[in-house]
Every structure is written in C-alpha cells, then in structure tokens.
Amino acid sequence: MRLRSDCAALALACLIGIASAASAAPNGELHVCADPNNLPFSNGAEAGFENKLAAMVAEALGRRLSYTWWAQRRGFIRNTLKAEKCDVVMGVPTGFDLVEATKPYYRSTYVFVSRQHDHLNLSTLLDPRLRRLVVGVHLVGDDGNNPPPAQALGQLGIVDNVRGYSIYGDYRQADPPARLIEAVESGEIDLAAAWGPLAGYFAKQSKVPLTVTPIQDGERFAPQQFQFAISMGVRKGDHAFKDQLNAFIDEHRSDIAALLRGYGVPLIDPPVTASGGHQ
C-alpha cells in the first residue's frame, strides 16, 4: 500500500456478473486509475501485481483494459476516481471511506527486513535491540501522519537511531519507496520496518539475501494498526460494479493468491471471530 496515507483483500462468487460482463460495461472498457511508478503495485509498463490483477478482471468481464496514470499522493482519489477518470482503483484498505470498497482480496502486514547473514530474527517491537540498531522507516510528511512502525517506535522513545525515508521519495527515480529496502541491502541501515507487499517484493529482488519477518505485536500499539485487508475501490454508489468485482474475487481467490505470492507479498489470514469464523 503505498496506500500512501497508510492500509485487504477482495473476493467473489457467482460468475453471473462475469458471464454477462459485456452487457454490464457500456463502453466496453475497464478503466483503472493507477500510479505509473509504484512497484510492486503498478507501473507504466503494467508490471505490478495490481496491473496483472486488473488484466485478469478485464478478461473475466470481457472489457478492454485502459489506464489513467496518476502518482499516488494526497488527493489521488479526489483527482482520479471521484473525478470520473476511471472505474476502479485496484488497491485500497478495506473500509476506506473515500470509495466503495469490494470484499478484501488479500490481507498483509507490516514486517521487519534485515540482512540474512546478520541473523537478527526480530519479530517484536519490544525487542531491546531496536534501541541500538539503525532502524529505517517510511515517513509520509511533516504532519505527524506517519506509518505505524514510525509511530510505534516514537511511542517507545526509540528516535535517535531511527532513519526516515520519504515514501514519496524522488519521483524521477524508479519506485521511490524501494529506497528503504535498498538501504538494508547496502548496509546503510541494519533493519527496516515496512509494509509487507513492498518489502517482500524488493527483498525478493535484492542481490543480498534478506529476511522478511512479520511484526507480531502491533496490537500493543492500538489504535495503530499493523495488518490491513486490501480491496478494490469503486465510486460511491456504484453497487452493480462492486457486485461484479466481488463475484470475480470469489471466483478467482486462488489465482489472486498465487499472483500475490509470485510477487513476494506476505499473506496473512483474517482474524478469527468469536464464533470461529473469519472476519
């Protein structure tokens, strides 16, 4: 998620909507708004997993896939989906109130990334080594609205040994958020705390073997949240299209999971409810 502001998964059932998809697409297009420079999610070469997922949806719905490209920064939804420049955004936190979100199609978590040969094996924010290791985190801006690891470390008073990397970065370079994981690879920092899909993908590309470990105790820092379900987002009130996407997700859940695993995305199960089911 370069959910730049900081957050599941979507699925579906009856291919009734998909089988009759062509009739549900007045212009015969699936128009997607996406960032052209934001792997592993999307890029202009359509090499991200959200690009691949969009292609799967377009094929199932019998539509031609097209894009409006826009950097994912503040105002992204206002300037794209709300401005009717597209039909769907492929990755938003489930429950994101600026859109009508589908069912979640995956769930992931913030993780620690370290060099394999260092054998750090950290999994908790309460590990005392976090007070001496050089730790990298993403920063969003100067308004204090930073990702959960930065907030939690600040809450613990771990500040002096923490290095911030702008999630927006230098947009002239490819995939600016990747600089955080590259800093672990180069030895500039000992450890990164980052959103799992981004960390898992760039750790997989690293020439230096990296270890990706889910952060286990994020609930201690509530209301900070370290695990998020991700959905597709359509315009408010577009219930018919949302139902089609929900049907696609239910029908293709295993294919979507295989796609995400291929990009190194750490997948986690939804929380178990008191009745024993999944949320």
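The values are calculated or read from the model by the stated rules, or taken from the named source; none is laboratory data. None of these values were measured; they are calculated from a predicted model. Positions of Cβ are generated from backbone atoms using ideal geometry, with glycine treated the same way; all protein chains shown enter the neighbour counts. Just so you know, the surface numbers come from the protein's heavy atoms only, side chains and all, with ligands and any DNA or RNA stripped out. Shrake-Rupley method; radii C 1.70, N 1.55, O 1.52, S 1.80 Å.
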Exercise. Is there a residue being in a loop (DSSP other than H, G, I, E, B) and either among the polar types (S, T, N, Q) or touching a Phe, Trp or Tyr at 6+ places or on another chain (Cβ under 9 Å) (or both) anywhere in region 200-208?
Worked result: yes
Exercise. Failed condition for residue 37, given (1) under 23 Å from residue 79 (Cα atoms); (2) modelled with pLDDT under 95, with all others met?
Worked result: (2)
For this session: Please identify the pairs in which a residue from region 65-77 that is closer than 14 Å to residue 44 by Cβ has its Cβ atom under 7 Å from the Cβ atom of a residue that is assigned to a helix (DSSP H, G or I), counting only partners at least 6 apart or on another chain.
Result: 65/54; 65/55; 65/58; 70/76; 70/79
Seminar exercise, completed: In the set 230, 256, 249, the lone residue that is part of a helix (DSSP H, G or I), of a type in the set (Val, Ile, Thr) and under 22 Å from residue 97 (Cα atoms) is 249
Seminar exercise, completed: Residue pairs within 7 Å by beta carbon, gap of at least six or interchain, first lying in region 89-114 and within 23 Å of residue 219 (Cβ to Cβ), second open to solvent by less than 10 Å² (accessible area, probe 1.4 Å) and polar (S, T, N, Q), listed first then second, are 92/231; 94/231; 101/231; 104/231
Seminar exercise, completed: Residue hits (region 82-105; over 18 Å from the mean Cα position of the chain (by Cα) and not acidic (Asp, Glu)) are 82, 83, 85, 86
For this session: May I ask you to list the residues in region 49-88 that are surrounded by 14 or more Cβ atoms within 10 Å (Cβ to Cβ), of a type in the set (Asp, Glu) and farther than 20 Å from residue 260 by Cβ?
Result: 87
For this session: Check region 163-172 and report whether any residue there is at pLDDT 95 or above and in a helix (DSSP H, G or I).
Result: no
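Conditions (1) of a type in the set (Ser, Thr, Tyr); (2) open to solvent by 70 Å² or more (accessible area, probe 1.4 Å); (3) farther than 19 Å from residue 135 by Cα, marked per residue:
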residue: 181; (1), (2), (3): no, no, no
residue: 204; (1), (2), (3): no, yes, yes
residue: 208; (1), (2), (3): no, no, no
residue: 212; (1), (2), (3): no, no, no
residue: 217; (1), (2), (3): no, no, no
residue: 247; (1), (2), (3): no, no, yes
residue: 262; (1), (2), (3): no, no, yes
residue: 268; (1), (2), (3): no, no, yes
residue: 271; (1), (2), (3): no, no, yes
Exercise. Can you tell me which residue in region 131-155 is most open to solvent (accessible area, probe 1.4 Å), limited to those that are under 14 Å from residue 190 (Cα atoms) and in contact with a strand residue (DSSP E or B) (Cβ under 8 Å, 6 or more places away or on another chain)?
Worked result: 134
